[in-house]
Every structure is written in C-alpha cells, then in structure tokens.
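Encoded as structure tokens, the structure appears first; notes follow it.
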Amino acid sequence: MLLILAKAATKQAYKLSIVKVAEDLPKLVRRHAMSLENLSPSRRRFLSSALGTSIGLTALSSGQEPESNPQPTALKRAPHVYKFQIGDAEAWSISDAYFPLREGLGLMWPEEKRPEMDALLQEEGRRKEDAVPLYVNILVVRTDKETVIFDAGFGGKENERMGWLTSGLALAGISPESITAAFLSHSHSDHLNGFAREGKPAFPNAEIHLLQSEIDFWRSPEPDFSETKRNRKNLPNMIKTVRNHFDMLEEVLTPHKQETTTLLGGLVTIEPAPGHTTGHACFRIRSGGEEFLHLMDLAHHDLLMFADPNWTIAFDHHPKQSVETRKVFWSEAAAKKTRCYGFHLPFPGIGTIIETGPGYRWAAEPWRW
Ligand SMILES: [Zn+2]
C-alpha cells in the first residue's frame with residue numbers, strides 16, 4: 001500500500017513539473033527577448049519542437065484526450081517545412097537554405113539600372129544588407145501513386161546557411177527511398193548537388209527527368225559562357241562539379257527532348273524555359289483541376305524581376321534569352337492567374353503574378369496553418 005501511495009505521489013509530482021515547464025516556456029522566451037526570427041534555424045527548430053512537446057504533455061496531464069495523431073500539428077509549425085495542397089495532391093515547400101548574397105545589387109544587370117533597383121528596394125523598406133537574398137525552396141508533391149521532388153538543393157551536411165532538405169523531408173515523414181520521381185530544372189549547385197549523397201543517388205528509387213540540352217551543354221568540350229556576367233574565375237570548378245554529379249547520377253538521369261513533355265499520368269509537364277541555362281526547364285503540375293506552375297530560376301527576387309522583367313541576375317548564362325522567356329511566362333501566368341511557385345522567392349514561395357503595366361508584381365499567397 002505504501003509503495004502504491006509513493007508511486008502515485010511521484011506520478012503527481014511528475015505531472016506538476018511538466019505543467020510547470022509548459023507554463024514557464026512562453027515566459028522564458030519573453031524574458032530572454034528571443035524573437036523566433038532572430039534565432040538560428042537549428043535553435044528555432046529546437047524551440048518549436050520543445051514547445052510542441054510541452055503543449056502535448058500539458059494536454060495529457062490535464063486529463064484531456066490525447067490527439068490520435070499529434071505529429072501533423074507539430075509539423076505545421078516546423079519553420080522550414082510548409083505543407084499545402086495542389087488540387088488532390090499533398091505538397092510541401094521545404095527550405096534548403098537562406099542567406100543574403102554578399103554582392104547585393106552588384107549581381108544585377110543592366111548596371112545603369114541599379115539606382116532604379118535600389119530606389120525600389122528602399123521604397124519597399126528592404127534592408128541594404130540583404131538586398132538580394134537567396135532562398136532555396138524545394139517542392140515535393142505526393143499523390144496516391146507518386147512522391148515527386150523538384151530539384152534537390154545544395155546537399156552536403158546541414159549548417160546554419162544550407163543543407164536543410166534532409167531534415168525537412170524527415171519532418172514531413174518522407175523517406176528518400178519513398179520518392180518515386182525527380183525533376184531537375186538545371187545543373188547549378190543549389191539545384192543539382194542534393195541529388196547525390198556519398199557518391200550515389202540520394203533518392204535511389206527516383207529517375208531524374210531533365211532536358212537533354214542541359215546534359216549536352218555541360219558535357220560539351222567547351223561549354224559556352226560567352227554571354228554570362230558570372231565570375232569567370234569560378235567556371236572551371238563549376239563545370240567539373242556538374243560533370244562529377246552527372247557521372248554519380250548516370251544510372252538515374254532520364255533526359256527528354258527540348259519540347260513540352262507530360263509525364264506521370266498528366267501530373268507533371270516539363271516546359272523548356274531556356275536562358276538561365278541552355279536546358280533550363282519549368283514544371284507545370286496538374287491535379288484535381290488545379291494547375292500549379294514551378295517558375296524555377298525565372299526569378300531570383302520577388303521585387304526586381306517582376307517590376308521589370310528586363311532586369312537580370314549575373315547567374316544567367318544567356319541573359320537576353322532569359323528575359324524573353326521570362327516575359328512569355330509572366331504574361332501567360334498573369335493572364336491566367338496561375339498559382340505559381342518560385343525556387344528563389346521568399347519562403348514558402350507560393351503566389352501569383354499580377355500585371356501592373358508596364359511591369360508585374362509578385363503577390364505572395366498568405367500562409368495557411
Ligand atoms: Zn538557382
């Protein structure tokens with residue numbers, strides 16, 4: 001009897017201490033004036049999961065029924081994983097990286113338009129130090145038949161700036177093996193490198209669909225960079241890295257002709273969108289009557305490339321062609337009010353393009369929790 005009483009007393013004390021921790025956490029956050037925005041991603045993730053756990057435990061200790069499956073609720077609060085819907089398909093936007101590009105407006109062309117760009121950024125209250133930030137948004141779409149990933153981020157080990165895709169997929173409950181198909185828009189490191197891990201395909205059961213012209217460009221004896229504003233010093237290394245990745249991924253690379261091609265029973269259409277690279281592609285996803293356009297690298301900024309589609313970033317291989325392509329896609333998406341997704345637009349990267357005449361505006365879709 002004494003033993004039972006002692007056990008009951010210990011249980012009660014445990015419950016009380018959990019309630020205390022749950023009550024104290026918000027106070028602790030306030031006392032240390034920690035705004036979630038000011039925390040590093042790893043600390044934000046830790047705090048989110050700690051808050052999620054404490055809230056769950058409070059429910060248990062107060063005698064309420066525990067949720068049958070509390071995991072999805074916690075997932076919605078993970079700061080680099082955003083779940084949404086495309087028609088009948090489940091979709092996730094997972095942030096793989098974020099950092100301001102050091103060169104800022106020095107990356108933007110034409111050079112003589114930089115004062116105009118600067119004025120626009122100031123008008124919109126943007127901070128000088130992150131005039132041109134790099135968001136890296138990875139789209140994952142799941143139907144009852146397929147789990148599809150669109151580009152794969154920087155790869156490598158997770159750090160404060162990048163490499164968050166792996167942990168994001170785990171939070172969403174998506175194993176690398178469960179991915180059935182992959183699409184690659186082009187071969188820059190923030191898109192391609194995450195497809196390989198330790199010398200092998202990171203998603204072993206997924207073919208990687210891409211345009212043949214993208215492979216041909218990088219494997220040609222002398223890839224033509226005559227039009228780019230990229231730093232030429234880095235080109236030999238970049239070419240070598242791309243070729244190495246193609247070699248590692250050879251068995252899963254599935255090239256397509258330079259034309260609009262629909263795959264996976266109508267779920268994904270590859271649309272050539274040349275300019276950023278020779279074989280750059282956009283992807284249109286269709287499900288349950290909804291159309292969703294992945295803009296990939298047609299925009300590297302949510303203000304600049306929309307205010308004036310003629311403004312380009314130094315990363316374009318063929319800037320003139322990228323402007324022409326952008327104008328075609330912007331005008332069609334604005335006319336049709338297509339829901340769009342940007343690889344480099346502010347996370348989670350979902351929105352629509354509005355024609356303002358003579359330019360356009362990116363209207364980000366509000367988050368839905
Ligand atoms: Zn990119």
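Do we have any residue at all in the range 190-211 that's in a helix (DSSP H, G or I), surrounded by fewer than 20 Cβ atoms within 10 Å (Cβ to Cβ) and either within 16 Å of the ligand (Cβ to nearest atom) or not small (Gly, Ala, Ser) (or both)?
Of the residues in the range 190-211, the ones in a helix (DSSP H, G or I) are 190-195.
Filter again for surrounded by fewer than 20 Cβ atoms within 10 Å (Cβ to Cβ), leaving none.
The answer is no, given that none of the residues of the range 190-211 is in a helix (DSSP H, G or I), surrounded by fewer than 20 Cβ atoms within 10 Å (Cβ to Cβ) and either within 16 Å of the ligand (Cβ to nearest atom) or not small (Gly, Ala, Ser) (or both).
Matching residues to (1) over 24 Å from Ala273 (Cβ atoms); (2) among the acidic types (Asp, Glu):
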{"residue": "Glu160", "(1), (2)": "yes, yes"}
{"residue": "Thr166", "(1), (2)": "yes, no"}
{"residue": "Ala172", "(1), (2)": "yes, no"}
{"residue": "Ser185", "(1), (2)": "no, no"}
{"residue": "Asp190", "(1), (2)": "no, yes"}
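Which residue is surrounded by the most Cβ atoms within 10 Å (Cβ to Cβ), if the candidates are limited to the range 174-189 and must be within 14 Å of the ligand (Cβ to nearest atom) and polar (S, T, N, Q)?
Ser185
Do we have any residue at all in the range 323-337 that's within 16 Å of the ligand (Cβ to nearest atom) and not in a helix (DSSP H, G or I)?
To start, the set of residues in the range 323-337 that are within 16 Å of the ligand (Cβ to nearest atom) comprises 325-326, 329.
Narrowing further to those that are not in a helix (DSSP H, G or I): none.
No, the conditions are met nowhere in the range 323-337.
Just name the residue that is farthest from Lys83 (Cα to Cα) out of those in the range 352-369 that are crowded, with 21+ Cβ neighbours inside 10 Å and of a type outside the set (Val, Ile, Thr).
To start, the set of residues in the range 352-369 that are crowded, with 21+ Cβ neighbours inside 10 Å comprises 353, 360, 362.
From what's left, of a type outside the set (Val, Ile, Thr): 360, 362.
On the way: Tyr360: 27, Trp362: 21 Å.
The selected residue is Tyr360.
Looking only at the range 138-177, count every residue that is of a type in the set (Ser, Thr, Tyr) and under 15 Å from the mean Cα position of the chain (by Cα) and tell me the total.
Of the range 138-177, the ones of a type in the set (Ser, Thr, Tyr) are 143, 147, 166-167, 175.
Still in the running and under 15 Å from the mean Cα position of the chain (by Cα): 166-167.
The number of residues fulfilling the criteria is 2.
Counting just the residues of the range 124-137 that are surrounded by fewer than 24 Cβ atoms within 10 Å (Cβ to Cβ), among the aliphatic types (A, V, I, L, M) and under 17 Å from the mean Cα position of the chain (by Cα), which one comes out nearest to Phe306 (Cα to Cα)? Full working, then the answer.
The initial filter retains those residues of the range 124-137 that are surrounded by fewer than 24 Cβ atoms within 10 Å (Cβ to Cβ), namely 124-135.
Of the ones still in play, those that are also among the aliphatic types (A, V, I, L, M) are 131-132, 134.
Pick out the ones that are also under 17 Å from the mean Cα position of the chain (by Cα) and you get 132, 134.
Working: Val132: 14, Leu134: 16 Å.
The selected residue is Val132.
(1) charged (D, E, K, R); (2) more than 16 Å from the ligand (Cβ to nearest atom); (3) within 27 Å of Pro100 (Cβ to Cβ): which one isn't true of Asp297, the others all being true?
For Asp297, the failing item is (2).
Against the condition more than 14 Å from the ligand (Cβ to nearest atom), at pLDDT below 95 and assigned by TED's automatic domain parsing to the domain that holds Asp96, how does Ser226 come out, does it pass? Explain how you work it out, then say what you get.
Numbers: more than 14 Å from the ligand (Cβ to nearest atom): yes; at pLDDT below 95: yes; assigned by TED's automatic domain parsing to the domain that holds Asp96: yes.
Considered against the rule, which asks whether it is more than 14 Å from the ligand (Cβ to nearest atom), at pLDDT below 95 and assigned by TED's automatic domain parsing to the domain that holds Asp96, Ser226 comes out as yes.
Pairs please, first residue from the range 178-189 and over 18 Å from His280 (Cα atoms), second anywhere and within 16 Å of the ligand (Cβ to nearest atom) and at pLDDT 95 or above, Cβ atoms under 6 Å, 6+ apart in sequence or on different chains.
Final answer for the pair search is Ile179/Ile149.
Name, by its number, the condition in (1) assigned to a helix (DSSP H, G or I); (2) aromatic (Phe, Trp, Tyr); (3) away from the ligand (no atom under 16 Å from the Cβ) that does not hold for Trp218.
If we test Trp218 against (1) assigned to a helix (DSSP H, G or I); (2) aromatic (Phe, Trp, Tyr); (3) away from the ligand (no atom under 16 Å from the Cβ), just (3) comes out false.
Give just the number: which of (1) closer than 30 Å to Asn231 by Cα; (2) more than 14 Å from the ligand (Cβ to nearest atom); (3) not hydrophobic (A, V, I, L, M, F, W, C) does His280 not satisfy?
His280 satisfies every listed condition except (2).
Does the range 203-212 contain at least one residue that is closer than 20 Å to Lys83 by Cβ and assigned by TED's automatic domain parsing to the domain that holds Val141?
Within the range 203-212, the subset closer than 20 Å to Lys83 by Cβ is 203.
Subsequent filtering for residues that are assigned by TED's automatic domain parsing to the domain that holds Val141 retains 203.
Within the range 203-212, one or more residues are closer than 20 Å to Lys83 by Cβ and assigned by TED's automatic domain parsing to the domain that holds Val141.
Let me spell it out: the conditions are (1) over 26 Å from Cys340 (Cα atoms); (2) touching a Pro at 6+ places or on another chain (Cβ under 9 Å); (3) within 16 Å of the ligand (Cβ to nearest atom), and Leu134 meets all of them except one. Which number is the exception?
Leu134 satisfies every listed condition except (1).
Pull up the range 300-322, narrow it to residues that are of a type in the set (A, V, I, L, M, F, W, C) and in contact (Cβ under 8 Å) with a residue 24 or more places away in the chain, then point me to the one that is nearest to the ligand (Cβ to nearest atom). Spell out how you get there, then give the answer.
Applying the first criterion (of a type in the set (A, V, I, L, M, F, W, C)) to the range 300-322 yields 303-307, 311, 313-315.
In the following step, the residues that additionally are in contact (Cβ under 8 Å) with a residue 24 or more places away in the chain were identified as 303-304, 306-307, 311, 313-315.
Details: Leu303: 17, Leu304: 15, Phe306: 17, Ala307: 20, Trp311: 16, Ile313: 9, Ala314: 12, Phe315: 7 Å.
Checking each candidate, the answer is Phe315.
The values are calculated or read from the model by the stated rules, or taken from the named source; none is laboratory data. Note that this is a predicted model, so its numbers are computed, not measured. Glycine also receives a Cβ, built like all others from the backbone with ideal geometry; neighbour counts cover every protein chain displayed.
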